[in-house]
Every structure is written in structure tokens, then in C-alpha cells.
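What follows is one structure encoded as C-alpha cells, with my remarks underneath.
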Amino acid sequence: MSSAKKIINTVSVTPAEREAEVVISFSGVGKTFRAGAAVIQATKDINVDICEGEIVTIVGPSGCGKSTMLNLTAGLLSPTVGTVKYRNVPISDVNGRTGYMTQSDHLLPWRSVAGNIAVPLEISGMGKTERKARVDELAELVGLTQFLNSYPSQLSGGMRKRAALARLLAYDPETLLLDEPFAALDAQLRIKMQTELFQLSRRLKKTVLFVTHDIDEAVALGDRCLVFSGRPGTIVKNIEVPLPRDRAILALRKDQTYQQLCSDLWDILAPSMTVAH
Ligand code: ADP
Ligand code: MG
């Protein structure tokens with residue numbers, strides 16, 4: 001028997017068994033893009049429920065539809081076939097209950113940290129006094145209180161991520177859609193940011209969809225891991241991660257269950273990661 005069979009528990013848990021409400025539901029979802037004469041089928045047959053408070057990681061090679069899944073959840077795209085529901089209602093417009101963060105932090109260089117964090121609050125029409133209090137609270141949450149008056153160019157990579165995270169949390173979205181947010185960071189900083197994000201998500205009870213092409217990251221952060229593969233891409237494995245809900249991310253490097261699961265996932269994904277010459 002291969003080691004993959006020993007560790008990997010493909011999910012058969014129902015939402016009722018999780019005792020949590022389904023927040024996001026994909027049912028028979030496929031997405032086809034048309035660009036002129038070209039037709040690109042990005043994804044097919046996506047069927048998955050994401051429950052409240054879950055951190056679900058989405059891992060797979062480039063081009064298999066991971067970002068498309070986030071865009072469908074955010075309401076930036078609509079499915080070609082099937083239905084995407086948010087709290088049991090089909091998504092038909094931009095989904096304001098989600099917050100989106102990508103690899104690029106999109107901080108405004110001419111605004112201070114405080115000014116950047118305040119952007120969504122200004123857009124929402126929040127008054128100045130309340131806004132300042134909220135910006136202070138958010139800065140404290142991400143450890144940037146001392147840097148509120150600094151400008152993005154004066155910040156380290158980690159601080160920029162924290163500022164972007166505070167801005168993302170400003171209007172308190174209940175679901176975070178994170179698309180390879182730490183891909184550009186060096187290994188050490190990446191683990192630090194993973195730890196901070198994990199703790200923050202748990203503390204604020206966020207539901208999180210986290211896209212990565214890094215298997216170690218997917219296992220470290222996920223309660224569940226959706227493995228994407230193929231062209232068009234689909235979920236080939238839906239894996240319950242057998243690690244505690246509260247975990248010390250850094251210590252995982254020495255955890256045997258973690259190491260084994262990473263190795264098993266490598267075996268699953270290796271064929272689709274073969275480089276064509
Ligand atoms: P991933 O995030 O896994 O790398 P994507 O979801 O970005 O994959 O893309 C899946 C496929 O759909 C790719 O082949 C990509 O080129 C294609 N695609 C994504 N967005 C568009 C678009 N707006 N127009 C045409 N093709 C697209
Ligand atoms: Mg992508």
C-alpha cells in the first residue's frame with residue numbers, strides 16, 4: 001500500500017457533520033472563456049462546499065483554474081455552467097461579503113500606511129473620527145501601529161503585506177479570498193506571514209479560500225486542501241488535513257504527519273507538474 005493511502009483522507013464529511021453552515025457552494029461549475037475565435041475551457045465539474053470558519057487551501061499547477069475559482073466566488077466572473085452560491089443565494093453580482101488579496105499588494109505609493117488602510121472606509125462613507133479609530137485598531141491587529149505615518153516605499157516586504165492585510169480587513173469581510181499572497185516573499189518571511197495570517201483568521205473567525213502552488217503552504221495552512229489538476233482544471237482530491245485546528249506553523253516542519261502529507265501531495269501532483277520540453 002502506498003503511503004498516500006495511509007495519510008490522505010479524501011473528504012466525505014457532510015456540512016451537518018461539520019456542524020457549520022455552508023458559506024460557499026459550487027455545484028457542477030464550469031467556466032469557458034471566449035477571446036475572439038479562441039475558446040478556453042478553464043474549469044469543469046467543480047463541486048465543493050466551504051463551511052463557515054474553514055481555511056481551505058487550493059493547490060495545483062499554473063493554469064488549472066485556481067484564480068478562476070476565487071473570481072467566481074468574488075462575483076467578478078459568472079459560471080458558464082453550474083451554480084455558485086454564497087450563503088445559499090446564487091452569486092449574481094460583485095460579492096461584497098468577500099475581501100480579495102493577490103500577490104501584488106496594490107498599496108497607493110502617495111498615501112501613508114494610515115491613508116492606505118483608510119481607503120475602503122472612505123469609500124464606505126465612514127466619518128473621520130470613527131475612521132481614525134478603526135485605522136488604529138486595524139494597525140494594531142497587524143502590528144503596524146509604529147508605522148502609520150510611513151509610506152509604502154519605506155516599508156519592508158512583510159510590512160507591506162501587513163498593510164495590505166489591514167486594508168483587506170477594514171470593512172470586515174466575512175470571507176477572505178487570497179490568491180498566492182505570499183508568493184513573492186523569501187522563505188523565512190513567508191512562514192512568518194503564514195503564521196500571522198493563520199492566527200488572525202482564527203481569531204477573527206474568517207472563512208478563507210487560499211490559493212497557492214506551494215504544496216507545503218497548502219498543507220500548513222489548510223483545514224482542508226483542494227487539489228486542482230488538468231486542463232480544463234478540476235478538483236482531483238479534496239483532502240481533510242489531519243493537523244490540529246490551532247497549530248504552530250513554524251513547528252510543522254518537524255511534524256511527521258505534516259511531512260508525510262506534503263510528500264503524498266507531491267506524488268499526486270508530480271505528473272501534472274512535469275515540464276514539457
Ligand atoms: P490558475 O490560477 O490555476 O493559474 P486561472 O484560473 O488563472 O489558472 O486560469 C485557468 C485557465 O483559464 C488558463 O488557461 C487561463 O489562461 C485561462 N483564463 C483565465 N482567465 C482568462 C480570461 N479572462 N480570458 C481568457 N482566458 C482566461
Ligand atoms: Mg492564478
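The values are calculated or read from the model by the stated rules, or taken from the named source; none is laboratory data. All values reported here derive from a predicted model rather than from experimental measurement. A quick note on method: Cβ atoms are made from the backbone with ideal geometry, for glycine too, and the neighbour counts reach across all protein chains shown.
Restricting attention to the range 41-68 and to residues that are hydrophobic (A, V, I, L, M, F, W, C) and more than 13 Å from V208 (Cα to Cα), the residue that is nearest to ligand 2 (Cβ to nearest atom) turns out to be C64. Of all residues in the range 78-93, those satisfying the criterion of being modelled with pLDDT of 95 or more and over 14 Å from I24 (Cβ atoms) are S78, T80, V81. Somewhere in the range 236-259, is a residue within 19 Å of the chain's Cα centre (by Cα), in a loop (DSSP other than H, G, I, E, B), outside the structural domain of L138 (by TED's automatic domain parsing) and within 16 Å of ligand 2 (Cβ to nearest atom)? No, the range 236-259 has no match at all. Number of residues in the range 200-222 that are within 11 Å of I58 (Cα to Cα), within 12 Å of the chain's Cα centre (by Cα) and not in a strand (DSSP E or B) equals 5. R190 passes every criterion in (1) over 14 Å from the mean Cα position of the chain (by Cα); (2) over 19 Å from R253 (Cβ atoms) apart from (2).
Cβ-Cβ contacts under 7 Å between residues 6 or more apart (or on different chains), taken from a first residue in the range 47-73 that is under 25 Å from D267 (Cβ atoms) and in the same structural domain as T234 (by TED's automatic domain parsing) to a second residue that is within 8 Å of ligand 1 (Cβ to nearest atom) and of a type in the set (G, A, S), are listed as G60/G233; C64/G233; G65/A42; G65/G233; K66/G60.
So that you can scan it fast, the table gives a plain yes or no per residue for (1) under 18 Å from the mean Cα position of the chain (by Cα); (2) in a loop (DSSP other than H, G, I, E, B); (3) β-branched (V, I, T):
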{"site": "F26", "(1), (2), (3)": "yes, no, no"}
{"site": "I40", "(1), (2), (3)": "no, no, yes"}
{"site": "T57", "(1), (2), (3)": "yes, no, yes"}
{"site": "P61", "(1), (2), (3)": "yes, yes, no"}
{"site": "N71", "(1), (2), (3)": "yes, no, no"}
{"site": "S78", "(1), (2), (3)": "no, yes, no"}
{"site": "Y100", "(1), (2), (3)": "yes, no, no"}
{"site": "P120", "(1), (2), (3)": "no, no, no"}
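Can you find a residue that is buried (at least 23 other Cβ atoms within 10 Å of the Cβ) and at pLDDT 85 or above anywhere in the range 9-24? Scanning the range 9-24 turns up at least one residue that is buried (at least 23 other Cβ atoms within 10 Å of the Cβ) and at pLDDT 85 or above. Does I268 satisfy the criteria of being more than 28 Å from H106 (Cα to Cα) and in contact (Cβ under 8 Å) with a residue 12 or more places away in the chain? Here the answer is yes, as I268 does meet what is asked. Quick check: anything in the range 77-85 more than 8 Å from ligand 1 (Cβ to nearest atom), more than 21 Å from G233 (Cβ to Cβ) and surrounded by 20 or more Cβ atoms within 10 Å (Cβ to Cβ)? No - not one qualifying residue is present in the range 77-85.
When R167, R190 are screened for being basic (K, R) and under 14 Å from L141 (Cβ atoms), only R167 passes.
Out of the residues in the range 86-95 that are part of a loop (DSSP other than H, G, I, E, B) and surrounded by 12 or more Cβ atoms within 10 Å (Cβ to Cβ), state the one that is farthest from ligand 1 (Cβ to nearest atom). Only one residue fits best here, namely R87.
Among the residues of the range 173-185, at least one is away from ligand 2 (no atom under 16 Å from the Cβ) and within 20 Å of A248 (Cβ to Cβ). Looking for something basic (K, R) and closer than 24 Å to N238 by Cβ - is there at least one such residue anywhere in the range 98-118? No, there is no match, as no residue in the range 98-118 is basic (K, R) and closer than 24 Å to N238 by Cβ. Annotation for the range 157-171: at least one member residue is of a type outside the set (S, T, N, Q), over 21 Å from P120 (Cβ atoms), assigned by TED's automatic domain parsing to the domain that holds V113 and more than 16 Å from ligand 2 (Cβ to nearest atom).
Any residue in the range 64-74 that is in contact with a helix residue (DSSP H, G or I) (Cβ under 9 Å, 6 or more places away or on another chain) and crowded, with 21+ Cβ neighbours inside 10 Å? Looking through the range 64-74, at least one residue is in contact with a helix residue (DSSP H, G or I) (Cβ under 9 Å, 6 or more places away or on another chain) and crowded, with 21+ Cβ neighbours inside 10 Å.
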